[in-house]
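Below is one structure, written out as structure tokens, with a few remarks after it.
A short reminder: the numbers here are calculations on the coordinates, not readings from a lab. Note that the structure is a prediction, hence the values are computed from the model and not measured. Neighbour counts are summed over all protein chains in view; Cβ atoms, including those assigned to glycine, are modelled from backbone coordinates with ideal geometry.
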Amino acid sequence: MSEYDQKHQKVENQYNADKIDIFINSPSPTEAELLEKGKVLLNIKSYAQAIKIFERCLEIKPDTPETYYYLAIALLRGNRPKLLSLSTIRAIENHLKTAIQLEPDLGGAYVLWASVKYDFYVLNGMYDRPPTYQDLLNNNWSLSQSQAQEIIAYVNADDNPILQWLKKQI
């Protein structure tokens, strides 16, 4: 649903600047505050800033699976995985692997990893090293509707069959 700002210009999303200011004015923000700031930065497509914030979160508390998950999303930088470099894909995979090791039931990490692997390796005609995208999808995980919506929103690959399947689930 589109809204109009003070100048009557159509905008898709509006964000409360007060929420961001809390983090700027805080002398030493907590890991939870930084994680929320990173999510806000993702929503406004400030990927480079979000990456820095998520990395700072990991310095404060390196055992938070959600931070690794969102860092992987931020590393996509709004791009289709198929078009990224191998080094970026490997970094994304490492963050998702760590998230899953820390929280084996984090369904979003499995589905995100599978969709990234399919889009990059399979569609580029490359070998999909284990765990394959099929292995990741065959794990016993659950996925919330909000995680499914995030993956669809952040993985810019409309013709990816994993994303098409996800869209049918929500």
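For residue 123, what residues show an amide H to amide H distance below 5 Å, using hydrogens built from the backbone and excluding near sequence neighbours?
none
Which value in nm describes the separation of the simple spin-label points at residue 135 and residue 31, placed 7 Å from the Cα toward the beta carbon?
2.8
Please give the residues of the stretch 81-108, grouped as numeric ranges, whose backbone N is less than 13 Å from a label point set 7 Å along the Cα-to-Cβ vector of residue 170.
Once the point is set 7 Å along Cα→Cβ of residue 170, 108 turn out to lie under 13 Å by backbone N, inside the stretch 81-108.
If R₀ is 30 angstrom, what is the calculated FRET efficiency for the pair residue 124 and residue 61, using the beta carbon separation as r and rounding to 0.05?
It comes out at approximately 0.30.
Given 25 °C and 0.890 mPa s, compute D for the stretch 46-152 with the Stokes-Einstein relation, Rh being the Kirkwood radius over Cα pairs; round to the nearest whole µm²/s.
Calculated translational D: 177 µm²/s.
Taking just the alpha carbons, could you work out the radius of gyration and Dmax for the stretch 87-140, both in angstroms?
So, for the stretch 87-140, Rg and Dmax equal 10.5, 31 Å respectively.
Are any of the pairs 61/97; 45/97; 52/167; 37/97 more than 20 Å apart by Cα-Cα distance, and if so, which?
Pairs exceeding 20 Å: 45/97; 52/167; 37/97.
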